[in-house]
DNA sequence: CCCATACGGTACTAGACAGTCTAGTTTTTG
DNA sequence: CAAAAACTAGACTGTCTAGTACCGTATGGG
């Protein structure tokens, strides 16, 4: 998790990162109330006092790990845009790659865990839920709209209403699979199902 | 909540219902860990001792309220099927009513609260999450497939793959709105947005 | 009408948890 | 190299919580 082998990090910075990483793993797996500060300190191999040196209180630590995790949704979006441009084949193949990248990104364990956490704590931390929604679903659909615009410029037969098309594309591709991931945390969605959903998403927008 | 004015319920039965109702409201709003047994007893206007007379422990009570709430998803499904049959107009109008019923059902506050709860506790109570998924999303898509079959028999131009069509229909209609409800618990999705989603869902399946 | 059963209220046990404090050690830095 | 700052370990406070015990009162079937 961002532990990028920096050559001369100070001890304090290393501890800060350790605490964030440990808290991240615990909060994502056990939720806010299900995780204790003692657990965090132990998992980070750090004294409790040090935890409170770096973060004012539990809520502060929680906000920090969510703020730290949310940007990773941006990486998924970037992957989606890259998937369209890369590779061979016509618009249909390119859109299928796009859908597949979206699906694989959305089903990453950290992504689904963060989503579950944001939903679970939406009442207690509405600002975090809103931030997640903006960085995740919202920019995701925006990116897809951009890709569809490219495809239409390239001559693909797409509807005029690209906002609706992007919405349809995204939800046909990922919503059912995200449901599976949220309700069955331990299960992995098989490759064949992902491919089928990607095809369905392309089919939905490629006829107008 | 099932409090149907039965003429001569015994005191014990009344208390049982009071506890269920109070616990239901609290768990749905505050989650499992966020709700204490003292709170439940106070809200139900019952002594704590009585709570433990009716339910072995907190987990038992929680399972009871989820088991009590989940069947209500079935009522939503029934409403969806009824919406197709009722009213005037051709297949397109009927499908639009179907989508609208699905949307309104999914956005009921109790429905979204239960969904949030099932997702939040999916790791701790995987069996409850699975039961919810079966009673909610799964039977919902099944019901829509039935409606689409009816529509096709009536001459509507639908794809041959009705399972995929039902999946697409359901997710284009409700998934985006459910996201909104989950991430922004206090907001209400306006009527115009619901209507637009219903139209989009019909448009997606009515061209094959 | 009577007795088992359920109730209310409240006090209690036992443990978890957030956050503080102390006292001594290590790291950073000027 | 010395002072400042960050670290460790663990005890400690106050609060909350699940679940139990006690005891006196109300309910309701036989």
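Here are a few things to note about the model shown:
- Counting only other chain Cβ atoms within 10 Å of each residue's Cβ, the peptide A:30-37 averages 3.
- Under the Debye formula (equal points on every Cα, no solvent term), log10 I(q)/I(0) of region B:1-130 at q = 0.11, 0.13, 0.20 Å⁻¹: -0.49, -0.64, -1.10
- In degrees, nearest ten, helix A:58-69 long axis to first principal axis of chain A (Cα): 30
- What separates the residue B:79 label point from its copies, with the point 7 Å along Cα to Cβ, is 3.8 nm, written shortest first.
- In the protein assembly as shown, the C-alpha radius of gyration followed by the widest Cα-Cα span (Dmax) gives 23.5, 77 angstrom.
- Inter-site label distance for residue A:30 and residue B:92 at 7 Å from Cα along Cβ, in nm: 5.7
- Amide N proximity, region A:129-149 versus residue A:82 label position 7 Å along Cα-to-Cβ, cut-off under 15 Å: none
- Per-residue packing, averaged as other Cβ atoms within 10 Å, sorts the ranges A:67-73, A:167-173 into the order A:167-173, A:67-73, beginning with the highest.
- A protection proxy built from the mean count of other Cβ atoms within 10 Å ranks the segments A:198-204, B:140-146, most packed first, as A:198-204, B:140-146.
- Volume in Å³ per residue [convex hull over Cα atoms, computed for region B:105-144]: 54
- Exercise: per-residue mean of other protein chain Cβ atoms within 10 Å, A:194-201: 2
- Choice from A:139, A:42, A:112 with maximal GNM fluctuation in chain A (Cα, 10 Å cutoff): A:42
- Over region A:106-189, Cα pairs under 8 Å with separation of 6+ residues give a relative contact order of 33 percent.
- Rounded if a/c under 1.5, otherwise prolate or oblate - region B:47-100, Cα gyration tensor axes: prolate
- Chain B: angle of helix B:91-106 to the longest principal axis, Cα-based, in degrees nearest 10: 20
- Convex hull of alpha carbon positions in region A:131-204: directionally averaged projected area 5.6 nm².
- Using a 7 Å projection from Cα along Cα-to-Cβ, the label point at residue A:92 is separated from the same position in the remaining copies by 2.7 nm, smallest value first.
- In chain A, Cα pairs under 8 Å separated by at least six residues give a relative contact order of 20 percent.
- Helix A:109-120 axis, angle to chain A major axis (alpha carbon atoms, nearest 10°): 80
- Cβ crowding within 10 Å averaged over residues, with B:48-57, A:75-84 ranked highest first: A:75-84, B:48-57
- Stretching residue A:124 away from residue A:75 to a fully extended chain increases their span by 15.0 nm, per 0.36 nm per residue minus the current alpha-carbon distance.
- Overall form of region B:73-163 per C-alpha gyration tensor (a/c, 1.5; a/b vs b/c): prolate
- Other-copy label distances relative to residue B:188, 7 angstrom Cα-Cβ extension, nm: 4.6
- Cubic angstrom per residue, convex hull over Cα atoms of region B:128-167: 45
The numbers here are math on the coordinates, done by the rules we state, and not lab data. Since we're looking at a predicted model, the values are computed, not measured. A quick note on method: Cβ atoms are made from the backbone with ideal geometry, for glycine too, and the neighbour counts reach across all protein chains shown.
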